[in-house]
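Take a look at the structure set out below.
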Amino acid sequence: MAQTDYYEVLGVSRQDSEEEIRKAFRRKAMEYHPDRNKDPDAEEKFKEINEAYQILSDSGKRAQYDRFGHAGVNGNGGFDRPFDGFDVFGGFGDIFDSFFGDAGGRRARSPQRGTDLQQRVTLSFEESAFGAEREVDISRVEICHLCSGAGNEPGTPIITCSTCGGNGQVRRTQRSVFGQFSQVSACPTCQGKGTTMESPCSNCRGAGMERRNRKTVVNIPAGIQSGMQVRLTGEGNVGANGGPPGNLYIQVDVRNHEFFEREDYDLLYALPLNVAEAALGVEKQIPTLEGTTTSLKIPQGTQPGAEFRIRGKGISHINHGRRGDLRVFVDVQVPRKLTSEQRRLLEEFARAFDPGALQEDEAATAQVSENGYDHADDWDESEEGREGKDKGIFDRIKDALS
C-alpha cells in the first residue's frame with residue numbers, strides 16, 4: 001500500500017520553515033483530535049498527523065525523508081541496513097549467503113536494541129500550561145529476575161553446543177553443475193547462540209527475559225500541547241544480548257478549558273461587555289490561569305472585537321520558558337430582554353443623539369404601555385416581530401456609537 005506523503009498530511013510544502021510546519025501541525029491536530037472530532041477515522045488521521053510531525057520537525061529525519069522518502073526514516077534510516085524488509089533467509093538473503101555465509105549465528109548473539117513503548121496521558125489545561133508530574137503504569141519486557149538473563153536455572157550448567165562447537169553456525173556443502181558451494185547457516189540445535197542448557201530457567205523458560213508491570217514517574221514540561229510526545233530514554237523493552245533498551249513515549253492529550261483558548265503560546269479570552277460599559281469605559285477584573293485576576297481598563301468607545309494584551313500571562317514556551325500573552329477580545333452583548341425602566345433609559349439615551357429618532361416608535365410604545373407589558377419578551381415573537389425589534393432602537397444606538 002502506498003504511503004501518504006508527510007508534507008501532504010500536514011498541508012505544507014517542502015520549502016516551508018520549521019515554524020510553518022509547527023503551526024500547520026497545531027491546526028491539523030486541533031481539527032482531528034479525537035476529543036474534538038467525532039468522525040470514525042479522526043483518531044487514525046490524528047496518529048498520521050503526529051507521525052508526520054515527528055519526522056518533519058526533526059531536521060535530521062526531515063533531511064533523510066527528503067532524500068530517501070519513507071525508506072529513509074524507517075528502521076535505521078535506510079543506510080546501514082539497505083536490504084531491511086526483505087526475507088533474510090530468502091530473496092536477496094540467499095544470494096548473500098552463497099557468497100558470504102548466513103549471518104544468522106552472528107545475529108543471534110549480537111546485541112539488539114529493545115523495542116519502544118507508547119503510553120497515553122490526559123492533562124488538564126492548567127497542567128499543560130504549567131507542567132505536571134504523572135505516574136503511569138506500563139507493561140514492559142525486562143531481564144529475568146531469577147536467571148539474570150542467562151536463561152538457565154540458577155545452579156545448572158550452560159554447555160557449549162556440540163553441533164556447532166560454540167560457533168553458532170554450521171556449514172553445508174552442496175554440489176551443482178557449476179561446482180561445489182558451501183553455505184553457512186545458524187545452528188539448528190542452539191539457534192545460533194553457541195550454547196545449550198540442561199535446565200532452562202523455570203521463570204522465563206530459557207528466554208532470559210520476562211514481562212513485568214511497572215509504575216514510572218513522568219515529568220511533563222510546561223507549555224506542552226495535544227499531540228506532542230515526551231520521550232523517556234531507556235524506559236522501553238530491554239534489549240537482547242546486552243543491547244540497549246528501547247524508549248518510552250508518552251502521548252499527551254489536553255482537555256479544553258472552561259473559557260480560555262490557546263493560540264501558540266498566547267491565551268485567548270472573550271470579555272463580555274454591555275452597551276453602556278463599551279460606550280462609557282470600565283475597569284474589569286480578568287481571570288488568569290493562576291486562578292487570580294488582573295485589572296484591565298477598557299477605554300470609552302471600545303468597539304466589538306477590540307483586542308487588548310496583558311503581557312506575560314499566557315503559556316510558557318516549551319523550549320525557553322518565556323510566557324506568551326493573555327489576549328482579551330471584547331464581546332459587546334446587546335440585550336434581548338428589557339424591563340420598562342431599562343427601555344426608558346435607553347430611549348432617553350437615544351434621544352440625546354437624535355431627538356426625532358423615536359417618533360416612529362411612540363405608537364408602539366403607547367400600545368405596549370396600554371396592554372401592561374413590562375418586558376420585551378412579552379412582545380410579538382414571530383419572525384416579523386423579531387425583525388422589527390432588531391431594526392429598532394438598538395440598531396440606532398449601535399450606529400451612533402460606531
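Taking a quarter of the surface of the Cα convex hull of segment 284-335, what do you get in nm²?
On the way: hull surface 18.1 nm².
The Cα convex hull of segment 284-335, projected and averaged over all directions, gives 4.5 nm².
Rg then Dmax, both in Å and based on the Cα atoms of segment 124-169: 22.5, 64.
What FRET efficiency do you get for E198 and A222 if R0 is 45 Å and r is their Cβ-Cβ distance, rounded to the nearest 0.05? Calculated value: 0.20.
When the trypsin sites (Lys or Arg not before Pro) in segment 181-283 are filtered for DSSP coil states and for at most 14 other beta-carbon atoms within 10 Å of their beta-carbon, the remaining sites are R205, R255.
Using only the Cα atoms of segment 117-257, build the gyration tensor, take square roots of its eigenvalues as a ≥ b ≥ c, and label the shape rounded, prolate or oblate: rounded if a/c is under 1.5, else prolate if a/b is larger than b/c, else oblate. The partial results should precede the final answer.
Values: a/c = 5.28, a/b = 2.22, b/c = 2.38.
In terms of gyration-tensor shape, oblate.
Do any trypsin sites (Lys or Arg not before Pro) in segment 279-357 lie in a DSSP loop with no more than 11 other beta carbon atoms within 10 Å, and if so, which? Each step should come with its number before you reach the end.
Values: sites: K284, K297, R309, R311, K313, R322, R323, R327, R336, K337, R343, R344, R351; in loops: R311, K313, R322, R336, K337.
Counting only loop positions with at most 11 other Cβ atoms within 10 Å, the trypsin sites (Lys or Arg not before Pro) in segment 279-357 are R311, R322, R336, K337.
Quote the FRET efficiency, to the nearest 0.05, computed for I286 versus A63 with a Förster distance R0 of 56 Å and r equal to the Cβ-Cβ distance.
Efficiency, from the Cβ-Cβ distance: 0.80.
Would you mind checking the pairs K23/K215; K284/K313; K284/K337; K313/K337; K28/K61 and listing those with alpha carbons more than 27 angstrom apart? Long pairs (Cα-Cα over 27 Å): K23/K215; K313/K337.
Can you tell me the FRET efficiency between A42 and R344 if r is taken as the Cβ-Cβ distance and R0 is 60 Å, rounded to the nearest 0.05? It would help to have the intermediate numbers written out before the result.
Numbers: r = 53 Å, r/R0 = 0.88.
It comes out at approximately 0.70.
Extension gain, Q333-E51: 0.36 nm per intervening residue step, less the Cα-Cα distance, totals 97.2 nm. For M209, the residues whose amide H sits under 5 Å from its own are C144, ignoring neighbours fewer than 5 places away on the same chain, with H placed 1.01 Å from N. Close amide H partners of G223, meaning residues 5 or more places away or on another chain with modelled amide H under 5 Å apart, are A129, F130, G131, S316. Near the amide H of L338, within less than 5 Å, lie the amide hydrogens of A376, D377, all on another chain or at least 5 residues away, with H placed in the peptide plane. Residues in segment 137-281 average 54 Å² of solvent-accessible surface per residue, probe 1.4 Å, ligands and nucleic acids excluded.
At a 1.4 Å probe, what is the % contribution of carbon and sulfur to the accessible area of segment 171-315? Let's see the in-between values first.
Details: 3800 of 8090 Å².
Roughly 47 percent of what the probe reaches on segment 171-315 is carbon or sulfur.
Taking chymotrypsin sites (Phe, Trp or Tyr not before Pro) across segment 214-312, the ones in a DSSP loop with at most 15 further Cβ atoms lying within 10 angstrom of their Cβ are F259.
The values are calculated or read from the model by the stated rules, or taken from the named source; none is laboratory data. What you see is a predicted model, and the numbers here were worked out from it, not measured in a lab. No Cβ is skipped: glycine too gets one built from the backbone with ideal geometry, and neighbour counts run over all protein chains shown. For accessibility, only protein heavy atoms count, side chains too; no ligands or nucleic acids. Shrake-Rupley method; radii C 1.70, N 1.55, O 1.52, S 1.80 Å.
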